[in-house]
Every structure is written in C-alpha cells, then in structure tokens.
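The values are calculated or read from the model by the stated rules, or taken from the named source; none is laboratory data. Predicted model, so just to flag it, every value in this text is computed and none were measured. Here the Cβ is made from the backbone with ideal geometry for all residues, glycine too, and neighbour counts use every protein chain on show. All accessible areas refer to the heavy atoms of the entire protein, side chains included, with ligands and DNA or RNA removed. Shrake-Rupley method; radii C 1.70, N 1.55, O 1.52, S 1.80 Å.
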Amino acid sequence: MGSRGQRLLGWAMLALLAPACSSGDKPREAAAETKKISITPTKDAGADARSYLAQLCPKPIGGELNFMVWEGYTDTLFTRPFEQACGVKVNATYMGSSDDLVAKLRAGGAETIDLISPSSDAATAIIEAGLAGPLDLKRIPSYGDLSEGFRKLQVARKGDVVYGVPWAFGPNPLIYDTTKVKGTPGSWGALWDKNYRGKLSLQDDIATLYMVAQYLGMDDRKDPSHLYNLSDQDLAKVKAKMLELRPNVRKYWVTAGDMTQLFQSGEVVMGEGWPLMTNQLRQAKFPAGETIPKEGTTAWADHWVLTKGAKNLDAAYAWLEYASQPFTQKLLYDVTAYIVANPAARNYMTPEQAASQRDIADYGSKVNFWQWSPRREKYQEIWNEVKAGR
C-alpha cells in the first residue's frame, strides 16, 4: 500500500526455501457458504456498520484475531464495533515495512498471525512462498462488490486461486507545508533545492530510490517492471543523486507518526509520504499540501490476506466480509483518506470526498504500482549505503 519500511530480506530466496502453493490449492473448508446480508442503508456509516454486524454475528464468535497490518488498518473506529458485536478480540501489530511482514511470517508468524495487509510487492512473494492461505470466496459473498480493476490485479492471485481481498490503494505523494513552500511543487526536483537544507523527511525504505529513479527519467511507462529491475549502472546514478540530497534530509521516517510529528514541530517542510499523513495533518488543522509531481510516483495496493496457519477461521471470514462493506470502507477512508476498494463507499461521502475515489485503471501512467523486485537485495544494499553516506 516497493515496501513501506527499511529492513533487508533475501526475497529471491523465498520461493526457493519455502514450499510454493500450486494453482490447484483448495481453500480450507471451515463452514458452509455465507449468505449475503442486506440492510437498509442510511447516510451514517457507523450506524450501518452496527446494524450490519448485528446480523453478521447474531451470536458471539469468540476468540481472538491476530493482525499484522499497516497503520490505520485496525483503527478502533471500525474494529471496536466488530469486537463488540462478534465477541472477538482484535490484536494488532503494525509493520514498518513489507520486509518486516515477510520476515515475521518466515520466522513462524504464519502460524500465529491470522490476517495480514500486504502491499502489492509483498503479496506476490508471500503467496509464492506458501505463507498465505487460499480464500474460500463462498464465505465472502460481498467480494464481487469490490472494484473490478482492483480484483483483477494479479498480485493476490495464483492461477484461478484468490488469496487477497482488496482493501485500499493509493499513491506516494509529495507532501508540503503550504505556509513554508511557495506554490505547488511541480517536480520531485524541488527536494534538491538548497533552501530546504535540513528541512526534508524521506521514507526509510528502498521506495525512496524508486522516487529518485523516476526523477532521473528511469521509469519506463511501457514496462512498469523496469523501475524495480534497474541495472547496476542505473542504480549507481540513483545512489549518486540520492547522496546529493542527504544534506536536505532532516530525518528518514519509518512510521506515519514520525512524519506528521516532524511537520507539526516545524522540523520539516516537505517530503514524500502517504495520503494517511496528509489526512492526519489536515485533521490536526495543519496546512498540509499534497501533489503528484510531473515525473509521476509509485503506488501501492493493499489486500487482506489469510495466513496459512490462521486458526480462528470463523472470525477471520467474518472480518473479511465486514471489511468488504461500503460503510466499513468509508470508516477506513475517514482514518486514512485512501482510495478504498468498494465503489459504493462513495454513497457515504461528501461530493468532495467521493471525487477522490477512483478505479485503479484511472491512474493510467501517472503511477507505477509497487512490484516484487528480483534485485531487492541490491536495492537494499544501495539504500543502506545512502543512509551511511558512502
């Protein structure tokens, strides 16, 4: 929703060291087909969520669900009603990066974590490594209500087997303090302006290398995968340009909270981030601007994925069906301002909010969705050298 963090992991070894799922994998049988629930919709997403949950969980399911997710994905605004109605305790751990997630799953987390929210790069690697469980779509009758373009993404599929329920997607924009930055920056090149020495924050992640590569014109719009498979020569150019930028960097952020606090304390005036951060700043009445520069940007698409060792399947499938509802996704929007997977969530939004929602295909060549890089270790090596200033 590249990755959203910084730790090194040998991605290329995943498919070699773990048993791959075959296209013939069958979902685990846990219960009969789930009937789709209909309610009389109102304009109140919270009220509709409670009305829906009363039917989804007429009796408490009980037990716990263990999540490993991006920030904002288990906010109490929509998890608390689920917990109260279904009698399920939600335990959430935030991940700092896709690498964090895969490392945790590889270390045994796939047997102790029930649901995860991998981005478009990690989802493929997790499925190929046999760390995810195939979904029984009969237990998620609202799956077909989700954006067709999102459902057709191959990152959460293997053959005809579906492993992920679409949740949210968005770009990685340039965020800036409108009182300190004159006008809307039209290019990522604004980051190299010497007037911003010590006033920027960039993500502590190889995704920052993608941004620099885009600025240098290395994003081949006819072959999106090129950005994630740059040659050593191109990566050397990216590294040199990134080192030129280091004097302007106040801090590399890991969490959304890092970034928003840096803005609010006046330590930074500009940086790359997620729409979540812009939303948090604006809710705090901070003058945050957001733009996608002319060179374009990368983007992420996040799914809910069931791990191979998920235990409380009744609760997990109840969550997946609840998460697919338009009112639940409107509540997610209220927290993150992301583009959500259910188009009907627009019915709960103001005209301005609804205008921010779109299908994945609408972005066209403006963004490049994160992909698993066969050279991820090399990218991480370059990133570590950049941070060390060498």
Does residue 79 count as outside any strand (DSSP E or B), among the hydroxyl-bearing types (Ser, Thr, Tyr) and open to solvent by 10 Å² or more (accessible area, probe 1.4 Å)? no
Name the single residue, out of those in segment 286-311 being at pLDDT 95 or above and more than 23 Å from the chain's Cα centre (by Cα), that is farthest from residue 110 (Cα to Cα). 287
Residues of segment 359-390 satisfying the condition of being of a type in the set (Phe, Trp, Tyr), open to solvent by 30 Å² or more (accessible area, probe 1.4 Å) and touching a strand residue (DSSP E or B) at 6+ places or on another chain (Cβ under 9 Å): 369
Among the charged types (D, E, K, R) and more than 23 Å from the chain's Cα centre (by Cα) - does that describe any residue in segment 254-263? no
Scope segment 52-73; condition in a helix (DSSP H, G or I) and over 28 Å from the mean Cα position of the chain (by Cα); matching residues: 54, 55
Looking at residue 182 and the list (1) open to solvent by 10 Å² or more (accessible area, probe 1.4 Å); (2) at pLDDT 95 or above, which single condition is not satisfied? (2)
Which is surrounded by fewer than 16 Cβ atoms within 10 Å (Cβ to Cβ) and at negative phi, of 219, 232? 232
With the structure loaded, tell me whether residue 344 is part of a helix (DSSP H, G or I), open to solvent by less than 40 Å² (accessible area, probe 1.4 Å), small (Gly, Ala, Ser) and within 24 Å of residue 289 (Cα to Cα) or whether it fails that test. no
Among the residues of segment 164-178, count how many are touching a helix residue (DSSP H, G or I) at 6+ places or on another chain (Cβ under 6 Å) and open to solvent by 10 Å² or more (accessible area, probe 1.4 Å). 0
Among the residues of segment 82-112, write down those that are open to solvent by less than 10 Å² (accessible area, probe 1.4 Å), assigned to a loop (DSSP other than H, G, I, E, B) and β-branched (Val, Ile, Thr). 88
Within segment 36-50, count every residue that is farther than 19 Å from residue 334 by Cα and in a helix (DSSP H, G or I). 0
Within segment 228-251, residues part of a helix (DSSP H, G or I) and in contact with an Asp or Glu (Cβ under 7 Å, 6 or more places away or on another chain) come out as 239
Residues satisfying the stated conditions in segment 139-163, i.e. assigned to a helix (DSSP H, G or I), modelled with pLDDT under 95 and either open to solvent by 20 Å² or more (accessible area, probe 1.4 Å) or of a type in the set (Gly, Ala, Ser) (or both): 148, 149, 151, 154, 155, 156
Enumeration of residues in segment 329-341 that are more than 19 Å from residue 47 (Cα to Cα), in a helix (DSSP H, G or I) and open to solvent by 20 Å² or more (accessible area, probe 1.4 Å): none
Within 19 Å of the chain's Cα centre (by Cα) and assigned to a helix (DSSP H, G or I): does that describe residue 127? yes
